[in-house]
1. Could you go through region 146-156 and let me know if any residue there is farther than 18 Å from I50 by Cα, surrounded by 12 or more Cβ atoms within 10 Å (Cβ to Cβ), at pLDDT 95 or above and not aliphatic (A, V, I, L, M).
2. Scan region 57-70 and give yes if some residue there is open to solvent by 60 Å² or more (accessible area, probe 1.4 Å), near ligand 2 (Cβ under 10 Å from one of its atoms) and not in a loop (DSSP other than H, G, I, E, B), otherwise no.
3. Condition first: farther than 13 Å from Y83 by Cα and open to solvent by 40 Å² or more (accessible area, probe 1.4 Å). Now tell me which residues in region 127-145 satisfy that.
4. Which residues, taken from region 43-56, are out of contact with any helix residue (DSSP H, G or I) (no Cβ under 6 Å at 6 or more places or on another chain) and more than 9 Å from ligand 2 (Cβ to nearest atom)?
5. Within region 30-37, is even one residue in a loop (DSSP other than H, G, I, E, B), crowded, with 19+ Cβ neighbours inside 10 Å and touching a residue at least 60 places away in the same chain (Cβ under 8 Å)?
6. Among the residues of region 74-97, are any among the aromatic types (F, W, Y), more than 14 Å from I136 (Cβ to Cβ), assigned to a loop (DSSP other than H, G, I, E, B) and away from ligand 2 (no atom under 11 Å from the Cβ)?
7. Check off (1) in a loop (DSSP other than H, G, I, E, B); (2) open to solvent by 80 Å² or more (accessible area, probe 1.4 Å); (3) within 29 Å of E55 (Cβ to Cβ) for E120 and give me the number that stays unchecked.
8. Would you confirm, using the coordinates I've provided, whether V101 is surrounded by fewer than 21 Cβ atoms within 10 Å (Cβ to Cβ) and part of a strand (DSSP E or B)?
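The values are calculated or read from the model by the stated rules, or taken from the named source; none is laboratory data. This is a predicted model, so every value here is computed, not measured. Here the Cβ is made from the backbone with ideal geometry for all residues, glycine too, and neighbour counts use every protein chain on show. Accessible surface is based on the protein model in full, side chains and every heavy atom, while ligands, DNA and RNA are left aside. Shrake-Rupley method; radii C 1.70, N 1.55, O 1.52, S 1.80 Å.
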Amino acid sequence: MALLAPVHSDEPTTPNIPIHPRIEDAYATFEADNGITGAGADADSDGDGIPNGIEFVIGGDPSGPDSDSNHLLPTIGDTDPLYVDFIFRRTDDSAASDPFVQYGSNLTGWTNAEPGVPTETPVVIDETNDHFGTGIDQVTVRIPRVLADGQKLFMRLRVNIP
Ligand SMILES: [Ca+2]
Ligand SMILES: [Ca+2]
């Protein structure tokens, strides 16, 4: 049995740099943690009507039993005279995947909600860190009512996970 002596070196060493997992890795970890490795973001592994990728964003449980996540879905704030608010939960793990909101006045044409766009009547996006608890932010996407065509406004949450 050999004893290993501590190694001393005068050579410069690289400081420890935290490595942020790549986007796919954060989602892959979510799948692995929930026993659905390889299922994919578009699949709805627990059949609650919410795809795994959206469960990842809102902090839902994507695998059964008793994993209905409908109570975590985005909500609508419809009391402001100028804006309709789309409010969603966003986990820190999913923030790097840049989940986004789209709006439209029919169910075929969608516009990405981007802060400051359009310039005349811009969309406003507010974020409250850890609003829903540690690691889950609240994101409020405020769509100006004047952007509604024919008094109709649809909104949806999306995330692109390869
Ligand atoms: Ca689901
Ligand atoms: Ca679920």
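1. Looking for residues that are farther than 18 Å from I50 by Cα, surrounded by 12 or more Cβ atoms within 10 Å (Cβ to Cβ), at pLDDT 95 or above and not aliphatic (A, V, I, L, M), one finds none in region 146-156, hence no.
2. Yes, there is a match, as at least one residue in region 57-70 is open to solvent by 60 Å² or more (accessible area, probe 1.4 Å), near ligand 2 (Cβ under 10 Å from one of its atoms) and not in a loop (DSSP other than H, G, I, E, B).
3. Matches in region 127-145: E127, T128, N129, D130, H131, F132, T134.
4. P51, G53, I54
5. Narrowing region 30-37 to residues in a loop (DSSP other than H, G, I, E, B): 34-37.
With the extra rule that they be crowded, with 19+ Cβ neighbours inside 10 Å, the set shrinks to 34.
Going one step further and asking which of them are touching a residue at least 60 places away in the same chain (Cβ under 8 Å), we end up with none.
Checking region 30-37: not a single residue is in a loop (DSSP other than H, G, I, E, B), crowded, with 19+ Cβ neighbours inside 10 Å and touching a residue at least 60 places away in the same chain (Cβ under 8 Å).
6. Applying the first criterion (among the aromatic types (F, W, Y)) to region 74-97 yields 83, 86, 88.
From what is left, the residues that are more than 14 Å from I136 (Cβ to Cβ) are 83, 86.
Restricting the remaining residues to those that are assigned to a loop (DSSP other than H, G, I, E, B) gives none.
Looking through region 74-97, none of the residues is among the aromatic types (F, W, Y), more than 14 Å from I136 (Cβ to Cβ), assigned to a loop (DSSP other than H, G, I, E, B) and away from ligand 2 (no atom under 11 Å from the Cβ).
7. Every condition holds for E120 apart from (3).
8. It is false that V101 is surrounded by fewer than 21 Cβ atoms within 10 Å (Cβ to Cβ) and part of a strand (DSSP E or B).
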